[in-house]
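Below you'll find the structure, written out as structure tokens, and then a few comments.
The values are calculated or read from the model by the stated rules, or taken from the named source; none is laboratory data. Keep in mind that what you see is a predicted model, and the values were worked out from it rather than measured. Here the Cβ positions follow ideal geometry from the backbone for every residue, glycine too, while neighbour counts run over all protein chains shown. The protein model used for the area step is the full one, side chains on, heavy atoms only, and it has no ligands, DNA or RNA in it. Shrake-Rupley method; radii C 1.70, N 1.55, O 1.52, S 1.80 Å.
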Amino acid sequence: MTDTTTLPADAIVYHIPLERLSAYRGRRLIVRSDDPHALVHRIGAVDLDNLAYVQLRSLPSGSDALVHWAEGLGIELVLDSPPEDFARLYDYAKLLDNHPVRVLLPVAAGFEKAAKLASSLQFAVRLQIGQPAAPLIESLARLLADYLHRPTVGQPVEYFHSVLLGLCHRQPISLWAIQEEDPALVRHVDAGGQERLPGKLAGADVGVRPEQFVEQWASRLRTEGAECAECPFFAPCRGYFKWPRRDYDCAGVKTLFRTLQQAAEALRADLAAIPPAGDANSP
Amino acid sequence: MNGNHFSLILLATNQCNAACEYCFEDKTRDHLSIERLGLILDKVLDHMDAHGIGALTIHWQGGEAMLLPPQWYREAFALIGEAGAQRGKHIDHGLQTNMLPYSPEWDAVIAEMFGNSVSTSLDYPNLYRKLPERGPEHYDALWASKVRMARSAGIDVKVISVPNRATLEIGAERFYEHLVDELGVTDFQINTPFPGGEANDAKQALALGVADLARFHCELADIWLERGADRAVRIGPFDQLVNYFTQRDATLPCIWGRNCADEFIAVDARGHVAQCDCWVTSYPDYRFGNILECDSLSELLRDSPARRRFTERPVQLVQRDCIDCDYLALCHGGCPVRTYSMHQTLLEKDPYCELYKTLFRHIEDQATRLAGAGAMSPQTSSQGVEALGS
């Protein structure tokens with residue numbers, strides 16, 4: 001649903017509050033609200049073609065209004081406080097019958113339980129990764145191992161999933177895009193109608209051409225001899241983990257990249273070993 | 001309810017011809033009239049309309065469902081078919097019966113209404129299933145003769161079996177031989193026992209050591225994998241677990257659903273509504289209401305405090321130790337009635353937790369080994385018995 005493949009590179013996607021819908025009609029949109037009923041009542045059929053997905057900013061009791069509304073449309077559920085809210089995901093599991101549903105949760109203390117339950121209920125997961133400290137790296141490593149190896153995890157966990165596929169198929173990828181935080185792809189519109197930079201760039205001064213930010217940032221890190229200069233994972237990362245603190249120690253996230261790279265190589269080898277379809281000599 | 005599909009366990013009659021000592025039902029002489037069936041059906045279809053649900057499966061049970069005559073089912077089938085067509089609903093039917101009232105008069109309706117397939121129950125050795133004033137041997141002989149008769153008419157007979165202490169004593173090998181090799185049962189499901197309903201001595205004796213029961217399950221799974229899996233023998237839940245662990249489509253039993261309150265309800269012959277057949281006659285405090293006395297099934301379900309206890313159960317359990325389980329995705333705390341009948345509360349995990357974990361781990365290991373050896377047979381698919389089997 002909401003992976004980067006659905007965010008077109010040729011048009012900015014505006015992440016807007018439902019109240020701003022009329023002002024942004026005709027553009028590519030992600031629409032957010034706290035109220036499932038309001039989404040159903042205010043988004044018309046004419047709007048659906050331009051929707052990348054809708055985001056439910058909190059988990060009020062009852063998701064019935066969304067079950068049969070706009071079937072096939074992606075829904076992202078935001079868990080701001082995963083340790084407190086995660087069990088409420090049971091109330092939203094019925095959405096999966098008719099929608100691709102992803103759970104967005106911050107990588108903070110206690111996020112593991114939410115990620116595990118979300119995966120167990122067959123929700124996709126998007127991690128707001130930030131610049132994780134060492135204890136969180138351990139939790140992320142466990143989650144990555146489950147994502148890679150446990151049959152009980154059958155849905156994507158981002159950013160792991162897109163990085164794995166990108167490395168496996170040797171396709172160019174960018175964490176900024178995967179995390180929907182590249183200003184060239186996504187703009188956040190606040191309740192007052194002000195356009196902001198997305199995600200962790202919100203409030204930052206990135207110059208007059210925000211759409212060029214990622215390339216300029218990556219180039220600057222390399223030329224200034226930061227840790228990125230020698231990093232084997234610079235291509236998919238593009239300095240993502242060096243924002244906002246440039247002195248962030250990437251040792252932990254590199255272990256995660258390394259695990260993903262090894263898995264991608266193993267997957268590529270497995271795929272190469274599959275005989276072509278219709279090969280009569282295959283066992 | 002599930003977004004696109006609704007399952008209704010419908011007790012056409014609360015009456016039973018058998019007197020099985022471990023039965024969880026509080027049997028009465030009530031049965032559904034066609035008129036009452038029509039009233040129930042209208043409210044079920046209204047509920048489906050209100051929730052945009054397009055498909056319905058009616059699991060006919062009792063009591064003993066075959067105590068109503070074949071002609072009653074013909075009328076019911078016509079009524080339901082007409083009402084479903086008018087509302088644009090797809091409606092399927094399944095039949096759970098002890099087979100004892102079966103005669104060739106049933107063949108036409110079984111073929112037309114139930115796709116020439118029925119599900120029945122048999123334990124081995126049989127300790128508890130019997131007719132009034134008769135013993136288990138008489139029951140077994142009568143059951144076998146009826147099943148033979150049905151099979152000779154081309155009816156597919158699936159079996160649910162509940163292990164008891166004698167089953168564990170004879171072991172998985174002998175159990176498999178009897179069901180598969182001697183009785184020719186090729187599609188059956190193993191259910192765990194529970195002392196549902198009013199207490200009696202037989203139910204007190206149902207309790208089995210979980211470790212012993214786990215060993216039986218694993219041994220039976222191994223025997224099936226070695227001898228039956230590639231010869232069209234299906235044993236639930238093993239076959240579906242193999243599918244699950246090899247990343248194929250799997251229909252796991254209702255006891256392991258993410259929340260059975262989202263999946264189905266039961267209605268008995270008096271119109272009482274409850275979570276499933278294990279609850280509807282035996283636990284009045286856990287009924288959701290009466291469909292014949294309400295204006296709207298949707299409102300009844302929405303407003304029922306009893307139903308809320310079911311919907312809340314996995315939410316509560318996952319905040320305790322279930323979240324740490326490797327197999328949370330398969331189980332979600334297990335079966336409410338097994339929990340309640342042994343712990344007198346819904347807010348505990350299934351008493352067979354350790355059995356399930358042992359079985360999951362065992363099947364996962366076996367599936368991984370078989371997949372690695374390229375020895376997997378085509379996807380095992382079994383329908384009906386394992387989806388809703390008490």
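Scan the range B:252-276 for residues that are open to solvent by 10 Å² or more (accessible area, probe 1.4 Å), within 17 Å of B:Asn14 (Cβ to Cβ) and under 15 Å from the mean Cα position of the chain (by Cα) and jot them down.
The answer is B:Cys276, and nothing else.
Being of a type in the set (D, E, K, R), over 17 Å from B:Leu39 (Cα atoms), open to solvent by 80 Å² or more (accessible area, probe 1.4 Å) and outside any helix (DSSP H, G or I) is the filter here, so list the residues in the range B:284-326 that pass it.
Across the range B:284-326, the qualifying residues are B:Arg320, B:Asp326.
Among the numbered conditions (1) open to solvent by less than 50 Å² (accessible area, probe 1.4 Å); (2) away from every other protein chain (no Cβ under 12 Å); (3) assigned to a helix (DSSP H, G or I), tell me where B:Ile363 comes up short.
(2)
Which of (1) within 22 Å of B:Val162 (Cα to Cα); (2) in a strand (DSSP E or B) is the odd one out, the single condition B:Glu25 does not satisfy?
(2)
Can you pull out the residues in the range A:93-126 that are within 10 Å of another protein chain (Cβ to nearest Cβ), over 18 Å from A:Leu66 (Cα atoms) and either of a type in the set (A, V, I, L, M) or not in a helix (DSSP H, G or I) (or both)?
A:Ala114, A:Leu117 - these are the residues of the range A:93-126 that are within 10 Å of another protein chain (Cβ to nearest Cβ), over 18 Å from A:Leu66 (Cα atoms) and either of a type in the set (A, V, I, L, M) or not in a helix (DSSP H, G or I) (or both).
Which fully enclosed strands (runs of 3 or more DSSP E) of the range B:85-191 have 3 or more residues being open to solvent by 20 Å² or more (accessible area, probe 1.4 Å)? I'd like the intermediate steps shown before the answer.
Values: elements: B:90-95, B:117-121, B:156-161, B:187-190.
Ranges flagged: B:90-95.
Residues to consider are B:Leu37, B:Leu10; find the one that is under 24 Å from B:Cys254 (Cα atoms), out of contact with any Pro (no Cβ under 9 Å at 6 or more places or on another chain) and either buried (at least 17 other Cβ atoms within 10 Å of the Cβ) or not basic (Lys, Arg) (or both). Break it down into steps so the answer makes sense when it comes.
On the way: B:Leu37 fails: under 24 Å from B:Cys254 (Cα atoms).
Testing whether each residue is under 24 Å from B:Cys254 (Cα atoms), out of contact with any Pro (no Cβ under 9 Å at 6 or more places or on another chain) and either buried (at least 17 other Cβ atoms within 10 Å of the Cβ) or not basic (Lys, Arg) (or both) leaves just B:Leu10.
Kindly list the number of the only condition in (1) modelled with pLDDT under 95; (2) closer than 29 Å to A:Gln155 by Cα; (3) open to solvent by less than 40 Å² (accessible area, probe 1.4 Å) that fails for B:Asp249.
(3)
Within the set of pairs 6+ apart or on separate chains, which have a first residue in the range A:1-28 that is at pLDDT below 60, a second that is assigned to a helix (DSSP H, G or I) and open to solvent by less than 40 Å² (accessible area, probe 1.4 Å), and C-beta atoms under 6 Å apart?
Close Cβ pairs satisfying both conditions: A:Asp3/A:Ser162; A:Thr4/A:Ala177; A:Thr4/A:Ile178.
Within the range A:198-251, restricting attention to residues that are surrounded by fewer than 17 Cβ atoms within 10 Å (Cβ to Cβ) and among the β-branched types (Val, Ile, Thr), which residue is farthest from A:Leu136 (Cα to Cα)?
A:Val208
Does the range B:40-55 hold any residues that are in a helix (DSSP H, G or I) and either over 23 Å from A:Glu71 (Cβ atoms) or open to solvent by 30 Å² or more (accessible area, probe 1.4 Å) (or both), and which are they? Steps first, please.
Pass one, the range B:40-55, residues in a helix (DSSP H, G or I): B:40-50.
Matches in the range B:40-55: B:Ile40, B:Leu41, B:Asp42, B:Lys43, B:Asp46, B:Asp49, B:Ala50.
Under the condition of being in a helix (DSSP H, G or I) and open to solvent by 20 Å² or more (accessible area, probe 1.4 Å), which residue from the range A:144-188 is farthest from B:Ile323 (Cα to Cα)?
Step one: filter the range A:144-188 for residues in a helix (DSSP H, G or I), giving A:144-149, A:160-168, A:175-178.
If we keep only those that are open to solvent by 20 Å² or more (accessible area, probe 1.4 Å) as well, we get A:145-149, A:161, A:165, A:167.
Details: A:Ala145: 17, A:Asp146: 14, A:Tyr147: 16, A:Leu148: 19, A:His149: 18, A:His161: 23, A:Leu165: 29, A:Leu167: 32 Å.
Ranking the qualifying residues of the range A:144-188, first place goes to A:Leu167.
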